[in-house]
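Worksheet: one structure, shown below.
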Amino acid sequence: MKKNLSWIAVFLIAYVLQTSFLNLFSFKNVNVDLILLLTVSYALTHGYRLGTFAGFCGGLLQDIASGTFLGFNTLSKMIIGFGFGLMIGRVYEGKILLPLVSSVVATAANYVILIIVVLLLGYRINLIQSLYNLLLIPLIYNLVFSYFVHKVVCWLKNKSFDS
Amino acid sequence: MQTNEPMGKKIWILIVVLLGIFCTMFFSAKDRVSIPLTNRTVITLLAPFQSFSSALGNKSGSIINALNELMSMYQENKQLKAEVTTLREENLHDNELEAENQRLKGLLNYKESTKQFDLVTASVIARDSATWINNVVINRGSNDGIKKDMPVVTPDGLVGAVIDVYGSYSVVALITDPRVAVGALVQRSDSRVAGIVKGDIDKQVDIHMENISRAADIQPGDQIITSGLGGIYPKGIFIGTVDEVGNEAGGLLKYAAIKPAVDFQKLEDVAIIVNSRELSPEVLTRQMQKAADGGSRETGTAK
């Protein structure tokens, strides 16, 4: 129970940080997506079932708190949580490369899913501009933070709350 | 190692959920779906934390900005200091050039006004630190046609004579040196008293004129020029002004303390008289006329 509450707290803190404190380091109003990184690391360490659930919850939190279309982030994070959750048992979570590579793949996947959704919703977008603003910049931010987020996830996963 | 449990029919649940979300999203985009109170509740719950975190961020931002400003100010300060140093150096160089220009102009004017002399200009490159007011080294030597005993002058007046000559430099004994004796006379037309100008060995004055008879007409303010006697110094080069007249120890002769025309402490550029010609009678008459009219030492020679 304590562990579950800790995970909720971590996701909430991550969201609060990425929407307030980390705005200090934003570039062109683009910032790191800590919820995405948490979802990826959580899925990689807990499997597809919990990964999908974490993606669903994290995405829903973003959707509700940011006021965007309901399901916009929920969908993408859920798919990503599911996809990365399938990798459990095939990757070694202690490898330094794992969070770095997975953050790049997850950011690209998140971008593709969101672009498809936006196009399906009937919006027109400038693909070149969006590649720069919505893929390249987040990619760099996520790459920088991925290792630390993964470390936090691994630490919390292995932490025992038994008194 | 942890592994996934078999999916089984969970995959169908996932697909259904995804489809549900997809539909919700589309309806939400068309403003047909809204969850009352949810947004407000979540935002209300998160807002205080976000506010605190933002404040923390802003505080950190201010500190980072202040540090950035400090760093940029430091860089700017360094740059400005370097600029100031460069400008000072340039200014110093300019001033030096201007001073040199003035001195060389003076020498050039002197050269033009003293047609009877062939002059070679030179710069003082060294002074003997022990007896620096007596000897100087100049950057001209035998390669430039300089020979021993050639007189050295400035536009202000007589400096001394060359005593040693080397390939590209020479040593000049100044008239303040006690070993140097210059035949001199009072420029005033109704006096023309002759004597010998020498350096003062006890340095009470820079130079003095001796061998003056008691009855000689010499008084403070008189201008002393070379007499041309002795064969080293041509006639008519300005030496200095009589400062004081006194009796010598024996009582038979007088001496005159002379203030040199040349400031030996500021000696930088000089001219060596490599050849001097006798003035034509017309020029001599003109010069004497000027001297009688009170013509002063504009170019350092008697006019």
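Would you mind putting A:27-40, B:66-79 in packing order, based on average other-beta-carbon counts within 10 Å, highest first?
Numbers: A:27-40: 22.4, B:66-79: 10.1.
Result, highest mean first: A:27-40, B:66-79.
Applying the Karplus parametrisation 6.51 cos²θ - 1.76 cosθ + 1.60 with θ = phi - 60° to the phi angles of segment B:223-232, what ³J(HN,Hα) value in whole Hz is obtained for each residue in order, glycine and proline being reported as x?
9, 9, 10, 6, 8, x, 7, x, x, 9
Run the helix sum for chain A: -39,500 (n - 2.57) per DSSP H stretch of 4+ residues, divided by residue count, reported at 222 nm to the nearest 500 deg cm²/dmol. Provide the component values of the computation, followed by the final result.
Details: 7 runs with 114 residues, N = 163.
Calculated at 222 nm, the ellipticity per residue is -23500 deg cm²/dmol.
Please report how far the C-alpha centroid of segment A:3-33 lies from that of segment B:57-105, rounded to the nearest whole angstrom.
44 Å
Relative to the first principal axis of the alpha-carbon coordinates of chain A, what is the inclination of helix A:2-19, with its axis defined by its Cα atoms, in degrees from 0 to 90 and to the nearest 10?
On a 0 to 90 degree scale, this one is about 30.
Using θ = phi - 60° and the Karplus curve 6.51 cos²θ - 1.76 cosθ + 1.60, what whole-Hz ³J(HN,Hα) does each residue of segment B:105-116 get, with Gly and Pro shown as x?
Here the 3J(HN,Hα) series is 4, x, 5, 5, 4, 4, 4, 5, 7, 10, 5, 6 Hz.
Taking beta carbons within 10 Å but only from partner chains, what does the mean come to for residues A:55-64? If you can, show how the numbers build up before the last one.
Working: counts 0, 4, 0, 0, 1, 3, 2, 0, 8, 8.
Mean shielding count: 3.
Summarise the partner chain shielding of A:9-22 as one whole number: the mean count of Cβ atoms from other chains within 10 Å of each residue's Cβ.
4
Between B:Tyr255 and residues 5 or more places away or on another chain, which pairs have amide H atoms under 5 Å apart, with H built 1.01 Å from N, and which residues are they?
Amide H neighbours of B:Tyr255: B:Gly246, B:Asn247, B:Glu248.
Ignore the peptide's own chain and count Cβ atoms of other chains within 10 Å of each Cβ in B:16-29; give me the average, rounded.
6
Could you order the peptides B:166-173, B:12-19, B:150-157 from most to least packed, using the average number of other C-beta atoms within 10 Å per residue?
In descending order of packing, they fall as B:150-157, B:166-173, B:12-19.
Rank-order B:216-224, B:51-59, A:50-58 by packing density, defined as the average count of other C-beta atoms within 10 Å over each peptide's residues, highest first.
A:50-58, B:216-224, B:51-59
Report, by chain and number, residues whose modeled amide H sits under 5 Å from the one on B:Leu267, excluding near sequence neighbours (fewer than 5 apart, same chain).
Sorted by chain and number, the residues that satisfy this come to none at all.
In whole Å, largest first, what are the principal axis extents of the Cα atoms in chain A?
If we take the Cα atoms of chain A, the spans are 54, 31, 30 Å.
With unit charges on the beta carbon (Lys/Arg positive, Asp/Glu negative), name the residue among B:Ile239, B:Asn134, A:Ser102 whose Cα is farthest towards the positive pole of the charge dipole of the protein assembly as shown.
Comparing the listed Cα positions along the dipole, A:Ser102 ranks first.
Cα-Cα over 23 Å: which of B:Lys115/B:Lys147; A:Lys2/B:Lys9; A:Lys95/A:Lys157; B:Lys235/B:Lys259; A:Lys28/B:Lys59; A:Lys28/A:Lys157?
Those over the limit are A:Lys2/B:Lys9; A:Lys28/A:Lys157.
Using just the alpha carbons, could you tell me how many Å³ per residue the convex hull of segment B:139-201 encloses?
99 Å³
Name the residues whose placed amide hydrogens come within less than 5 Å of the amide hydrogen of B:Ile163, ignoring near sequence neighbours (fewer than 5 apart) on the same chain.
B:Asp149, B:Val171, B:Val172, B:Ala173
Relative to the Cα centre, what is the charge dipole magnitude of segment A:1-153, using +1 at the beta carbon of each Lys and Arg, -1 at the beta carbon of each Asp and Glu, and rounding to the nearest 20 debye?
Values: 9 positive and 3 negative charges, 46 e Å.
Charge dipole of segment A:1-153: 220 debye, to the nearest 20.
Between 0 and 90 degrees, rounded to the nearest ten: what's the tilt of helix A:34-46 against the longest Cα principal axis of chain A?
The angle comes out near 40 degrees.
Return the sequence-ordered ³J(HN,Hα) values of segment B:256-261 in whole Hz as given by the Karplus equation 6.51 cos²θ - 1.76 cosθ + 1.60 applied to θ = phi - 60°, using x for Gly and Pro.
Rounded to whole hertz, the list is 10, 6, 10, 8, x, 6.
Which of rounded, prolate, oblate describes segment B:114-292, given a ≥ b ≥ c as roots of the alpha-carbon gyration tensor eigenvalues and a/c under 1.5 marking rounded, otherwise prolate only if a/b is larger than b/c?
It is oblate, given that a/c is not under 1.5 and a/b is not larger than b/c.
Each reported figure results from applying straightforward, stated rules to the coordinates on display, with no laboratory input. Just so it is clear, the model here is predicted, and its values are computed rather than measured. Neighbour counts are summed over all protein chains in view; Cβ atoms, including those assigned to glycine, are modelled from backbone coordinates with ideal geometry.
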